[in-house]
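Reviewing the structure listed below.
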Amino acid sequence: MNATWIPLLVAGWFAWTLGEYVLHRFAMHALKGKGLASREHLTHHAQRDSVLEKWALSWAGVVVVGIALGVVIHPAVGIGWVGGYGFYDLQHYRAHRRAPRTRYQRWLRRHHFHHHFGHPMENHGVTWSLWDHVFGTYRDPGVVRVPRRMAMVWLLDDDGAVRPEHAGDYEVVGRAPASDAQAAIDRARAFANQAPVLT
């Protein structure tokens, strides 16, 4: 690898960040459940512990695009694209499963959970907010209000209160667990790109 690879790797990663934004906003939200990616993603919004079950398909698609970029432009661009997706995938998974340890992780969670619980048509960039700023979909999350029935496992203590280290960033409202009727409402609202009701 020579010095020309570094800017090309960065270019591939940068291209991924735009891809992340565009895919999230348009392929996952704007389609409102039409298509596999949109259905999987909106189910993820509707269910507390939803794991994107078709992750292998996502990786396959990203790798195919990475190979195409590598052939058409340069291998480093393709590697940067795939690496960018890998970073996104890891950070997104960790945001839902683990408490933040760094300032970046704290920012990412607040930014992302505002998208989940406040305004699903805002803050589409998961790992970087640049494209939200460019396209006018950025919103400062402030204190993120989270329905208790959807609270992330790392957010609450054993008594169901927000852990002190997160109290300035989150407020938990409502009760848990969700009834079947509430789960159906949450799903319908997710598929309409509406935030869950905070009850």
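The values are calculated or read from the model by the stated rules, or taken from the named source; none is laboratory data. What you see is a predicted model, and the numbers here were worked out from it, not measured in a lab. All Cβ positions, even for glycine, are placed from backbone atoms using ideal geometry, and neighbour counts span all protein chains on display.
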Selection from region 105-151 of residues out of contact with any His (no Cβ under 7 Å at 6 or more places or on another chain) and part of a loop (DSSP other than H, G, I, E, B) yields GLY118, HIS119, GLY125, THR127, TRP128, GLY136, TYR138, ASP140, GLY142, VAL143, ALA151
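Table: residues versus (1) farther than 19 Å from PRO7 by Cα; (2) of a type in the set (D, E, K, R); (3) modelled with pLDDT of 95 or more; (4) in contact with a Ser or Thr (Cβ under 6 Å, 6 or more places away or on another chain).
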residue	(1), (2), (3), (4)
ILE73	no, no, yes, no
ASP89	yes, yes, no, no
ARG101	yes, yes, yes, no
HIS133	yes, no, yes, no
What single numbered condition from (1) modelled with pLDDT of 95 or more; (2) surrounded by fewer than 18 Cβ atoms within 10 Å (Cβ to Cβ); (3) under 17 Å from the mean Cα position of the chain (by Cα) fails to hold for GLU171?
(3)
Failed condition for LEU108, given (1) modelled with pLDDT under 95; (2) of a type outside the set (Phe, Trp, Tyr); (3) farther than 22 Å from ILE185 by Cβ, with all others met?
(1)
Every residue in region 152-168 that is in a loop (DSSP other than H, G, I, E, B) and more than 23 Å from ALA46 (Cβ to Cβ), please.
ASP157, ASP158, ASP159, ALA161, ARG163, ALA167, GLY168
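Any residue that is touching an Asp or Glu at 6+ places or on another chain (Cβ under 9 Å) and at negative phi - is there at least one of those in region 76-85? Reasoning before the result, please.
Of region 76-85, the ones touching an Asp or Glu at 6+ places or on another chain (Cβ under 9 Å) are 84-85.
Those left that are additionally at negative phi: 84-85.
Yes, the conditions are met somewhere in region 76-85.
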Just wondering, is there one or more residues in region 185-193 that are surrounded by 20 or more Cβ atoms within 10 Å (Cβ to Cβ), more than 27 Å from LEU23 (Cβ to Cβ) and modelled with pLDDT under 95?
no
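Going through region 187-197 one residue at a time, which ones are touching a residue at least 60 places away in the same chain (Cβ under 8 Å) and in contact with a strand residue (DSSP E or B) (Cβ under 8 Å, 6 or more places away or on another chain)? Reasoning before the result, please.
Initially, region 187-197 is screened for residues touching a residue at least 60 places away in the same chain (Cβ under 8 Å), giving 187, 189-196.
Within region 187-197, just PRO196 meets the criteria.
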